[in-house]
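In what follows, a structure is listed as structure tokens, so that the remarks can point back to it.
The values are calculated or read from the model by the stated rules, or taken from the named source; none is laboratory data. Keep in mind that what you see is a predicted model, and the values were worked out from it rather than measured. Reconstructed Cβ throughout: ideal geometry from the backbone, glycine too, with neighbour counts over all protein chains shown.
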Amino acid sequence: MSELSRREFAEVIALVGLAPLLGERAGWSSLAALESGSAIDDPTSLAKALANVIRAQYGDRLSQADLGVITRQIQSFLERAAKVRKVPLTNGDEPDFLFSPIRVTGVG
């Protein structure tokens with residue numbers, strides 16, 4: 001995957017929030033690939049350990065297929081987090097967008 005700019009990253013985050021609403025119509029085939037298991041074949045030991053925590057707490061409500069999907073999703077999240085940590089930031093770097101509340105200058 002190529003390097004993402006901060007603006008592209010913010011757009012991806014916004015689109016991921018809309019993914020359940022957009023579904024396959026918007027080209028979210030990578031999410032379907034993740035669920036089918038073709039995206040990640042061999043999860044790391046950390047992903048397996050985190051999935052075991054979920055199995056220990058919710059195992060009576062999950063099937064083996066569900067646990068497999070959860071393990072692959074955890075592995076995907078860990079890989080994405082590693083990519084985000086690789087982006088060099090200094091103390092002076094600002095976010096791509098800044099929140100600024102509406103200021104009311106006069107009441108009346």
* Pairs, first farther than 13 Å from D93 by Cβ and modelled with pLDDT of 70 or more in region 1-12, second of a type outside the set (A, V, I, L, M, F, W, C) and not in a helix (DSSP H, G or I), C-beta under 6 Å, six or more apart -> R7/D96; A10/D96
* Can we say E35 is modelled with pLDDT under 90 and loosely packed, with under 12 Cβ neighbours inside 10 Å? -> no
* Restricting region 58-88 to residues that are surrounded by 10 or more Cβ atoms within 10 Å (Cβ to Cβ) and outside any helix (DSSP H, G or I), the residue that is modelled with the lowest pLDDT -> V87
